1. What is the gain in length, in nm to one decimal, between V217 and W201 on full extension, counting 0.36 nm per residue of separation less the C-alpha to C-alpha distance?
2. If the cut-off is a Cα-Cα distance under 29 Å, which lysines reach K261, setting aside same-chain residues fewer than 8 apart in sequence?
3. Please give the FRET efficiency for L251 paired with S54, using the beta carbon to beta carbon distance and R0 = 51 Å, rounded to the nearest 0.05.
4. Based on DSSP H runs of at least 4 residues, each adding -39500 (n - 2.57), what is the mean residue ellipticity at 222 nm of the chain after dividing by all its residues, to the nearest 500 deg cm²/dmol?
5. Rounded, prolate or oblate for the stretch 59-132? Axes are the square roots of the Cα gyration tensor eigenvalues, ordered a ≥ b ≥ c, and the cut-off for rounded is a/c under 1.5.
6. Under the 0.36 nm per residue contour assumption, what length would be gained going from the current alpha-carbon distance of L208 and L63 to full extension?
7. Within the stretch 38-56, what residues put their amide N at less than 15 Å from the label point 7 Å along the Cα-to-Cβ vector of A163?
8. When a/c reaches 1.5 or more, the comparison of a/b and b/c decides; with that in mind, is the stretch 160-219 rounded, prolate or oblate per its Cα gyration tensor?
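The values are calculated or read from the model by the stated rules, or taken from the named source; none is laboratory data. This structure is a prediction, so every number in the text was calculated from the model and none was measured. Quick reminder, even Gly has a Cβ in these numbers, built from the backbone with ideal geometry, and neighbours come from all protein chains shown. Each accessible area value is taken on the protein alone, full model and side chains, heavy atoms only, with ligands, DNA and RNA left out. Shrake-Rupley method; radii C 1.70, N 1.55, O 1.52, S 1.80 Å.
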Amino acid sequence: MPLKDLALGLGVIVIWALNIIVIKLGVTELPPLLLTTLRFALVAALLVPFHPVSRARLPFLALLSVTFGTLHFALLFIGLGQAEAGTGALLVQMGTPFATLLAVIFLKEKLGPRRLAGLLLSFAGVVVLAGGPTLPAPLPTALLLASALAWAVSQLLIKQGPAVPPMALAGWIALFATPQVALGSWWFEQAHWAALTEAGWRGWGAVLYTAVMSSIVAYGIWYGLLRRHPVNRVVPLMLLMPVLAVALGMLLLGDPLGPNKLIGGGLVVAGIALIVVRLGGRTRRGASA
């Protein structure tokens, strides 16, 4: 990969790792579902007018808006509000092992010893994380793992569904997900107007960053790299994202490291590496928050 494209790929990883930190800061000023609603509304406003799709694609996009939009992102924002940034980033990476299991169950894909070892390592990493003090309470832990599972289900649907350009996919999922998450915010959260009027740079900066930088700029660059290079040269860069998120959590938020996070996180990343990296072969595509 040329140095310029490598730098672009690493830049995307930095954007996605910072996204975890930004969400953590954003939910201190805006309720998580309200923040998610604003993020989706902005993404839809910026993308849908410029990326039309056929009516035949709308039911598929509406389904994805439930799994990839509402369930994945809403649960991610809620869970990160109650978890350390690095630990949350590691738990969300379990989407790749979940996707592998779903492909074996529903698509009858062969597991093989390499991917089986990756699954065992990644789940062992979660067990090690669970033994340390940085794992959040059972409810946010379950929400983050459910977010990872929703991501995995979405990848299965995308793999089996009709082809939709990436930016159209992001825009229309956001459009359909906006009223769903808004309804959840209205039902479960309170003092919306006060939150909107009192939010400062953290809240509104999180809306702007998660919508523009993470959803549009980063995805645009990422899929451009996938068009120009073999997948197995691009996707392994994703392994750096949780590592960087842990480091940024320590540097910017004062999160502790500890042996459980270090060993458990290492096992999760190593397991995912065994699943996605195919030496001399193809590599699974991935998508981040």
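1. Details: separation 16, 0.36 × 16 = 5.76 nm, distance 2.03 nm.
Using 0.36 nm per residue and subtracting the Cα-Cα distance, I get 3.7 nm.
2. Candidates past the 8-residue exclusion: K24.
3. 0.65
4. Computed mean residue ellipticity for the chain: -22000 deg cm²/dmol.
5. Here the stretch 59-132 falls in the oblate category.
6. Result: 49.6 nm gained on full extension.
7. 54
8. Values: a/c = 4.35, a/b = 1.56, b/c = 2.79.
In terms of gyration-tensor shape, oblate.
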